[in-house]
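Below is one structure, written out as C-alpha cells, with a few remarks after it.
The values are calculated or read from the model by the stated rules, or taken from the named source; none is laboratory data. Remember, predicted model here, so these are calculated numbers, not experimental data. FYI the Cβ positions are ideal-geometry reconstructions off the backbone, even for glycines, and counts take in every protein chain you see.
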Amino acid sequence: MKRLLPALGLFGYVCASPPAVADIAQLLLPQLQPTTLSEREQLAELRWFATAAQPYRGVTVRVVSERIATHAYEANVLAPLFARLTGIRVIHEITGEDDVVNKLNAQQDTGLHLYDGYISDSDLIGAHFRGGQVLALSDYMAADGAAVTLPTLQLDDFIGLPFSTGPDGKLYQLPDQQFANLYWFRHDWFARPELQQAFKGIYGYALGVPQNWSAYEDIAEFFTEHVKKIDGQPVYGHMDYGAHDPSLGWRLSDAWLGMAGVGDVGLPNGLPVDDWGIRVDGCRPVGASMARGGALDSPAAVYALSRYIDWLKRFAPPEAINLTFTKSGPVASQGQIAQQIFWYTAFTADYTQPDVAVVDSRRRPLWRVAPSPHGSYWQTGMKSGYQDAGAWTFLRDTPPERLNAAWLYAQFLVSRSVSLNKTLHGLTPIRRSDIFSQAMTQQAPYLGGLVEFYRSQAVHAWTPTGTNVPDYTEMANLWWKTAHPAIAGRISPQQAMRNLARAMDRHLAVLERLPGSCAPRLNPETSAQAWLAQPGAPKPALKHEKPQGVTLSYEDAIRAWQ
C-alpha cells in the first residue's frame, strides 16, 4: 500500500488507493499507542485529519529538521502513517542543526522555495518576529488556515508556547520537541558512605546536589584531585568541551551566563537585560556592552567565562578541551564522570540503553538529573538554565496548497493522538497532558529525574534564547570566535568578553536599518561605572565570588523544584 523512496537521508512516502477513512484510522490506532485520548477521541481526531486533507491528496510536501532521535522517529515512522491516513506525500529530511538554519536563511535571502516547513530552534524568535517573512501562526490559524487547523490542537496544553511567542503576542512557531540542560551526577557514587565521609572531612559539608557554583567546584575538585579512581578506573569531577567550533558558541550562549547571574530578573528571559547581556528598551535592543547599558563585559560575565575555562582545564578529562559538542556528548555514559553541570536531556535515551556503563542490571540509571547550581551573581526570579525548543516554522511566501498540507503534517506530529507515543521514543516532551500521563509515571524510574523535572514548576525557569536577540544566526557565531582565544590561553577572559560585547554592539548597529518599531537602536556610549551604579544588570563585582558551598540531598533537591 505504500512505497518507500529513500535517498541520502530523505524519507518519502506515497499512499495508493487507500481504504475508507474510518478503516485507515482504525488500522493506525495500535501503532499510535499509548495516548492520553480515549479510543473514541483518538479515532475522531485521526478521521478529522483524513477529511481535512482531502483537497490535498497527492500533494507532496518537503520539510526539514535536525538530526535527533525524535525527528528520526517522525521521518521513519510517523510520516508514512500520515501518508496512509491523508494521501499527502511527505519528504522529511534529517540534517545537521546548522544546516537547518542555513537552509531557512537561504530561502528567506534568495526567495527560492526550498521547503514547505522547518523544525528549527525557537532561539530564532527574535529574528522571526522582526523580519516579516515568518508566518504568524496565530494569524494564520484564525484566517487562511482555519479550515486546516485541528479543532483539538489545544494550544494551552503546550508547555513551550512562551518560547515561540513574540513581544506582539503572536505565536510564530509551534513546539515539536524540547529538552533541557540540567545538572547530571552519578547518584550511586554520591551515595557511597566512604566518599560522603571523605568529602565532609575535607570541605565541612555534605556531599550532595550542589546548589551553587562553589559546591560544584568543590565536588569537581574532590573527585578529580582526591578520589582520582573508583573501581580501578580514573574519574573526573567535571565534563565539558572547548574545541574551536561553532558548538562552543551554543555552550556559552545557551544560558551559561544566565546560570552565572549576568542578566536581570524575569522569565522567560531577564528584563531589561537578558542572559546574553543585551539590554532592551521596550522591544528595542540598545546595547550589549556596559558602556551602552548591557552586561556582556560585566564582572558577572567575566566570572562566568573564567569558571568555564578553569573547570575545563582543572577537572575535566584532558581530551575535553579539544572536543566538540557531538564528541563530548557520550563521554559521561562511559562511566568516568562524576558530575556535569550542564547536561542535555536529549541524551536521556542514549544514557538509558542497557549496554552503557551508567545503567544497572535492572536497566535503571545509576545517574540522576537535578536542578542546576547557580553562580554567585544569580538572584531568585532569574532563569535557571537553558531549554531547547525545536518548533514548526513556516514562511509567508509558501504556496498555499503546500503550506496547508505541511501544516496538517505538523499538527499530526504534535497532536494528542501522536504526541505521547512520540515522547516515549524521543524523550523530548511538549504537552502537559503527556508529562502527567500514567505512561510517563511508569517510565519515571528509568529516566533519572527527567519526568520529575517536567512535572515541576522549574520547567518555566529553563528557557531558550529570547526575543532580545534580533539575529541569532549571526550573533551566535560571535560567541565561539571571541571566547576560544581565552580558552586557548591567548587572551584573558576579561579581554574576551570585552571583545564579544563590542562585536555584539557592532552587529546591533548594522541591524538598526531593520524596519519596524522593534529594530535595534544603540544607546550612546557612556561610563560603564554609571550603569554599574544603577540597580540590576550590569552588576558590580562581588567581593567574594566563591561563597560557602551549599548542597542538598537528591530528594530535597527534587522537592525544591516543586
Legend entry - Matching residues in segment 407-429 - criterion: being farther than 25 Å from ARG89 by Cβ and of a type in the set (Val, Ile, Thr): THR423, THR428
Legend entry - Pairs, first at positive phi in segment 83-104, second buried (at least 17 other Cβ atoms within 10 Å of the Cβ), C-beta under 6 Å, six or more apart: GLY87/CYS15
Inset, instruction - Among the candidates ARG416, ARG431, ARG368, single out the residue that is in the same structural domain as HIS71 (by TED's automatic domain parsing), basic (Lys, Arg), surrounded by fewer than 23 Cβ atoms within 10 Å (Cβ to Cβ) and within 30 Å of TRP276 (Cα to Cα). - result: ARG431
Inset, instruction - Scan the helices (runs of 4 or more DSSP H) fully inside segment 193-272 and keep the ones with 2 or more residues being assigned by TED's automatic domain parsing to the domain that holds ALA488, at pLDDT 95 or above and closer than 14 Å to LEU312 by Cα. - result: 213-221
Inset, instruction - Check whether at least one residue in segment 300-317 is in contact with a Lys or Arg (Cβ under 8 Å, 6 or more places away or on another chain), farther than 23 Å from LEU248 by Cα and in contact (Cβ under 8 Å) with a residue 24 or more places away in the chain, and report yes or no. - result: no
Inset, instruction - Could you grab me the full set of residues in segment 322-372 that are out of contact with any Pro (no Cβ under 7 Å at 6 or more places or on another chain), under 15 Å from HIS187 (Cα atoms) and among the charged types (D, E, K, R)? - result: ASP360, ARG368
Inset, instruction - Starting from residues that are hydroxyl-bearing (Ser, Thr, Tyr) and under 22 Å from SER122 (Cα atoms), keep the ones in segment 371-391 and report whichever is surrounded by the fewest Cβ atoms within 10 Å (Cβ to Cβ). - result: SER384
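Condition check: surrounded by fewer than 23 Cβ atoms within 10 Å (Cβ to Cβ), modelled with pLDDT of 95 or more and in contact with a His (Cβ under 7 Å, 6 or more places away or on another chain). Does HIS507 satisfy that?
It is false that HIS507 is surrounded by fewer than 23 Cβ atoms within 10 Å (Cβ to Cβ), modelled with pLDDT of 95 or more and in contact with a His (Cβ under 7 Å, 6 or more places away or on another chain).
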Inset, instruction - Check off (1) in contact with a helix residue (DSSP H, G or I) (Cβ under 7 Å, 6 or more places away or on another chain); (2) farther than 25 Å from MET382 by Cβ for PHE223 and give me the number that stays unchecked. - result: (1)
Legend entry - Residues located in segment 453-481, provided they are of a type in the set (Phe, Trp, Tyr) and in contact with a helix residue (DSSP H, G or I) (Cβ under 7 Å, 6 or more places away or on another chain): PHE453, TYR454, TYR472, TRP479, TRP480
Legend entry - Any pair with Cβ under 7 angstrom, 6 or more apart, that starts in segment 142-158 at a residue that is of a type in the set (Ser, Thr, Tyr) and ends at one that is part of a loop (DSSP other than H, G, I, E, B): THR152/ARG416
Legend entry - Pick from segment 523-562, criterion in a helix (DSSP H, G or I) and among the aliphatic types (A, V, I, L, M), ranking: farthest from the chain's Cα centre (by Cα): ALA530
Legend entry - Verdict on LEU112 being in the same structural domain as SER417 (by TED's automatic domain parsing), more than 25 Å from CYS518 (Cβ to Cβ), at pLDDT below 95 and not charged (D, E, K, R): yes
Inset, instruction - Give segment 439-453 a look and list any residue that's free of Cβ contacts under 8 Å to residues at least 40 places away in the same chain and either surrounded by fewer than 16 Cβ atoms within 10 Å (Cβ to Cβ) or under 20 Å from ASP156 (Cα atoms) (or both), or say none. - result: MET440, THR441, GLN442, ALA444, VAL451
Inset, instruction - Determine whether segment 143-166 contains at least one residue that is assigned to a strand (DSSP E or B) and among the aliphatic types (A, V, I, L, M). - result: no
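Across segment 479-496, which residue is surrounded by the fewest Cβ atoms within 10 Å (Cβ to Cβ) among those that are among the small types (Gly, Ala, Ser) and either touching a residue at least 60 places away in the same chain (Cβ under 8 Å) or closer than 20 Å to GLY277 by Cα (or both)?
Per the criteria, the residue is ALA488.
Listed here are the residues, each with its yes/no results for (1) exposed (fewer than 15 other Cβ atoms within 10 Å of the Cβ); (2) modelled with pLDDT of 95 or more; (3) among the hydrophobic types (A, V, I, L, M, F, W, C); (4) in contact with a Gly (Cβ under 7 Å, 6 or more places away or on another chain).
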residue	(1), (2), (3), (4)
GLN107	no, yes, no, no
SER138	no, yes, no, no
ALA143	yes, yes, yes, no
ALA147	yes, yes, yes, no
LEU150	no, yes, yes, no
PRO162	no, no, no, no
Inset, instruction - Please verify whether segment 149-162 includes one or more residues that are within 22 Å of TYR73 (Cβ to Cβ), under 17 Å from the mean Cα position of the chain (by Cα) and hydrophobic (A, V, I, L, M, F, W, C). - result: yes
